[in-house]
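First comes the structure, then the notes that go with it.
Read-outs throughout are calculated quantities, based only on the coordinates presented, and are distinct from any laboratory measurement. All values reported here derive from a predicted model rather than from experimental measurement. Cβ: placed from backbone, ideal geometry, glycine included. Neighbour counts: every protein chain shown.
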Amino acid sequence: MLRFLANRVLVAIPTLILISIIVFSLQQLLPGDPALIIGGGEASPEVIAAIREEYGFNDPLVIQYFHWIGDIFRGDFGVSYRTRQPIGPMILDKIPVTVTLGAAAMLFSLVIGIPLGILAALGKGKGWDHVVTVFAMSGISIPNFWLGIMLILLFAVKLRWLPAGGFVPFTEDPIGCLRSIAMPAVVLGTALAAAMMRHTRSAMLNILQQDYVRTARSKGLAERVVIVRHAFLNALVPIITLATLQFGTLLAGAVLTEQVFSIPGLGKMVVDSVFNREYQAVQAVTLLSGVAFVAMNLLADILYFWANPKLRANR
Amino acid sequence: MTNALLSRTALAAIFLAGFSAAGSAQDLSIALADDPDALDPVTNRTHVGITVMGVMCDGLLTTDEDLNFVPVLAESWSWSDDGLALTMNLRQDVTFQDGTPFNADAVKAGLERALNQPDSQRAADISSISSVEAPGEYEVVVNVSEPSAQLLSKFAERVGIIFSPTAIEETGAADIGAAPVCAGPYAFDERVAQDRIVVKKVEDYWNADAYAFDTVTFRVMPDDSVRLANLQSGDVDIMEKLDPSNVDVVEQDPNITVEPVAVMNNQALMYNLEQDGPFASADVRNAFELSLDRNAINQVAFGGRYLAGNQVTPPNSQYYDPATPMPERDVEGAKALLEQAGVEMPVEFEILVPNRPLSVRVAQMMQAMSQEAGFATELNVVDFATTLQMTEDGNFTAWGPIGPQFANDPDAVAFQVLHSTGSRNLSRYYSDEMDALLEETRTQTDPAERVEVFHKVAALAAADEPVTYLYHMPQIYAYDSAIEGLTYTGDGFLRLVDVTRAE
């Protein structure tokens, strides 16, 4: 187990270094002189020169890279040139928001996707199956932002049941929190629910044909027990894998969803920072997302190792 | 039983939550199109930063909607006969939001900070100040090296917002923008970057009775349609920067009031006069101008909600020269001018266009119109930041539509663009005559005479045409019709004094 872990971590390190280099270089490729942008277009040449000096834009790229990565290892993500607030705490503020939204979206997708998938599998080729399949295809095809705007128009503007945007932390006001993330979670979770449903359906179809299901049925077990205990629990393994791997999709979806619902999470931070040319903030969030993604994959590997007896036997 | 009780409690909680949202009428929420930068009048660079500071803080003076000066923290002011000393008498019942007394020493310290702090964005605006004195507890004397016609307009803008010297001492000048303390009706309470800024009413402020709301929450919503949806759903009370193409639709909604506020700004096409080629000739530039139908551009691109214009100031301004009216579109006249200039037809022309939907729309119309007059106009649509770099390097033929966003004095929109030393003179327009006129606008303290000089500036700019002015953008606010009493400063910022919400 330890060797396996060490192996995985060792493989992750070059990936992380590569990510940091890519993140850093992407920023350099963006058009425009950052000092001019920070200066706001009305600064005098002296001010521009001072900004270049302050932010180290005059140093060679390699030096700039090592400065940047060195600061990050010391936990210093820089200071927003716009608001003068440190970026590290800003990110810390935003992580719980995106995590709450992501968890709610995941919950929504599980609650909708799994039962529908089971229903579709049980009624394969019949009416239900078609309805669910149409739902799944629409769920995957509808763009996030469009669905978001439609929901806002209906539930916030027309019916005034839910707020059109914003975020209330769960610790402050649980009901307010639920109201504020209901629509965003549905928007973010819809595509995921559709994917979940399709996976559940195919996993269930596969397992329902297995010998042990037939055996269970021939033992005279109630159909409900056969489906839940024998079929579904086994189908759950690929579903869990899918759920873990959807982390990246959630993060990417959060970028648009948070923008539409003006939710102050990491996704909105990335978009706003790009528009405001907050280079350091964009770098920091992109890098952290990359690290989180690698960490999630590592976690998935470990879970898989733990869950799959064959892997353990072969080590 | 327990279940029934639980569900009843939950229902009650939901209702309470609903009612408390409706009952908390004492918060006013304002949707902003951008996240402000540092909330410090000395280092601030953004329009939206002034919107927030304008609600929190009182300045020495302000402007009314006709750009007349209105006393606020300075009760009165007068110039010495030689125009070299401005004496201001301050209100005596004002304290900063941290309790520090607002007096002449604090104003002196504030002005000196704006002049001397290394990263001050205001120093150039007030470079004519030679010294500031505080001869009495509530009397400030500002000495200038030469008469300064635009100084008061700067005091009516960010320079006139004074921060508590105690707070600056404690927080440090570099960080005061993250925890601002000024003299004004609403004190800084909380800021969540890229999300919201909350300010809280100062109960013992001298005119606290004039402010009805306990808190004001600024919500940052860069997307136009998101801002509008939040207004329509009642989640925000006021939004700024309504997209002009949405005005017609929003005006149909009886619950929303749309208010376009005229602002002294302009959007223009700037030519690179240092580049060899046909556009080095003023005739060619004037021909291009003649090929345009500015009213049609306003109608098509902005639904007629902007103001077409041909001068640095809008046609409804007193500084607009009536003797230089906006030319009608004249394709034949444009062709005649091109012939007179002796250039090869069609005249090749490339416009560098910042990649913003409305700007591109305008540029496409200019392209189509000018082609009929003998120009082979191409558009080079580029990211805004890149256009800054390219124009700085002189790597363009013409750039636009582009221009200053707001001003409370024509100096702020004219000098930097048209004077040979102006920081925004990217046309590289060097004219001794223009320089002399612009310098005169700065030292001429007689208002009527100064208006005359600005008329001459407009006439000369139209003849030399280093810039083709296209249109002026009002600041379009939309708000819940229950909000009453909103007024605006002369440069288009919100004033919340005496604003109430009808029940």
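Between the helical axis of A:127-141 and the dominant principal axis of chain A, each derived from Cα atoms, what acute angle in degrees is found, rounded to the nearest 10? Taking Cα atoms only, the helix is inclined about 10 degrees.
Under the rule that an exposed site lies in a DSSP loop and has at most 15 other Cβ atoms within 10 Å, name the longest stretch of chain A with no GluC sites (Glu not before Pro) of that kind, not counting the sites themselves. Display every interim value, and only then the final one.
Values: sites that count: A:E42, A:E172.
Here the longest run is A:173-315.
Evaluate the Debye formula for region A:98-180 with equal point scatterers sitting on the alpha carbons, no solvent, and hand back log10 of I(q)/I(0) at q = 0.12 Å⁻¹, in q order, two decimals. Reported log10 I(q)/I(0), two decimals: -0.50.
Evaluated with a Cβ-only charge set (Lys, Arg +1; Asp, Glu -1), region B:440-503 carries a dipole of roughly 80 debye about its Cα centre, given to the nearest 20. Taking Cα centre as origin and charging only the Cβ of basic (Lys, Arg, +1) and acidic (Asp, Glu, -1) residues, the dipole magnitude of region A:170-243 rounds to 440 debye.
Mind giving me the FRET efficiency for B:L84 and B:N207? R0 is 41 Å, r the Cβ-Cβ distance, nearest 0.05 is fine. Present the calculation step by step, with values, prior to reporting the outcome.
Values: r = 33 Å, r/R0 = 0.81.
Calculated transfer efficiency: 0.80.
For region A:43-196, the Kirkwood radius over C-alpha pairs fed into Stokes-Einstein at 25 °C and 0.890 mPa s yields D = 126 µm² per second. With the charge dipole of chain B set up from +1 on Lys and Arg Cβ and -1 on Asp and Glu Cβ about the Cα centre, the Cα lying farthest toward the positive end among the listed residues B:V382, B:A173, B:N44 is that of B:V382. Each of A:F261, A:P14, A:A231 was scored by the projection of its Cα onto the charge dipole of chain A, and the greatest displacement toward the positive side belongs to A:A231; charges sit on the C-beta of Lys, Arg, Asp and Glu. Rounded to the nearest 20, the size of the Cβ-charge dipole of the protein assembly as shown about its Cα centre is 7060 debye, with Lys and Arg at +1 and Asp and Glu at -1. Partners of A:K268 within straight-line reach, counting aspartates and glutamates whose Cα lies under 14 Å from its Cα and excluding those fewer than 8 residues away in the same chain: A:D93, A:E258, A:E278, B:D34, B:D35, B:D195, B:D223. Computed over the protein assembly as shown, the P(r) curve from all C-alpha pair distances, binned at 10 Å from the origin, holds 2, 11, 19, 22, 19, 13, 7, 4, 2, 1, 0, 0 percent per bin. For region B:355-458, GluC sites (Glu not before Pro) meeting the loop criterion (DSSP other than H, G, I, E, B) and having at most 15 other Cβ atoms within 10 Å: B:E372. Each part reduced to its alpha carbon centroid, region A:76-104 and region B:219-240 end up 23 Å apart.
Note: relative contact order over chain A, using C-alpha pairs below 8 Å and six or more positions apart, is 24 percent. Over the residues of the protein assembly as shown, the helix contribution to mean residue ellipticity at 222 nm works out to -15500 deg cm²/dmol, using -39500 (n - 2.57) for each DSSP H run of at least 4. Computed on chain B, with alpha-carbon pairs under 8 angstrom and 6+ residues apart, the relative contact order is 20 percent. Does chain B come out rounded, prolate or oblate by the C-alpha gyration tensor, with a ≥ b ≥ c the root eigenvalues, rounded set by a/c under 1.5 and, if not, prolate when a/b is larger than b/c and oblate if not? Oblate is the answer for chain B, as a/c is 1.5 or above yet b/c matches or exceeds a/b. Taking Cα atoms only, the orientation of helix B:2-23 departs from the longest principal axis of chain B by about 50 degrees. Reported to the nearest whole Å, the Cα centre-to-centre distance from region A:204-256 to region A:129-149 is 22. The mean count of C-beta atoms from other chains within 10 Å of the C-beta of residues in A:155-161, rounded to a whole number, is 4.
In terms of overall dimensions, region B:154-241 has a Cα radius of gyration and Dmax of 15.4, 44 angstrom.
Within the protein assembly as shown, the cysteines lacking any other cysteine Cβ closer than 4.7 Å to their own Cβ are A:C177. Rounded to the nearest 5, the antiparallel percentage of DSSP beta bridges internal to the protein assembly as shown is 75%. Give me the distance between the Cα centres of region B:143-176 and region B:52-81, rounded to whole Å. Measuring centre to centre over Cα atoms gives 13 Å.
Which of the three applies to region A:198-260, rounded, prolate or oblate, going by the alpha-carbon gyration tensor with a ≥ b ≥ c and a/c under 1.5 meaning rounded? Walk me through the numbers before you get to the answer.
Details: a/c = 4.39, a/b = 3.48, b/c = 1.26.
Here region A:198-260 falls in the prolate category.
With respect to chain B, whose longest principal axis is taken over its alpha-carbon atoms, helix B:47-56 is tilted by about 30°. With the charge dipole of region B:390-503 set up from +1 on Lys and Arg Cβ and -1 on Asp and Glu Cβ about the Cα centre, the Cα lying farthest toward the positive end among the listed residues B:F396, B:V457, B:T445 is that of B:F396.
Per residue of A:256-268, other chain Cβ atoms within 10 Å of the residue Cβ number 3 on average. Qualifying GluC sites (Glu not before Pro) in region B:166-244, where qualification requires a DSSP coil assignment and no more than 15 other C-beta atoms within 10 Å, comprise B:E203. Contact order for region A:1-145, expressed relative to its length and based on alpha carbon pairs under 8 Å spaced 6+ residues apart, stands at 10 percent. Ratio of Rg to Rh for chain A: 1.06 [Cα atoms; Kirkwood radius as inverse mean 1/r over pairs].
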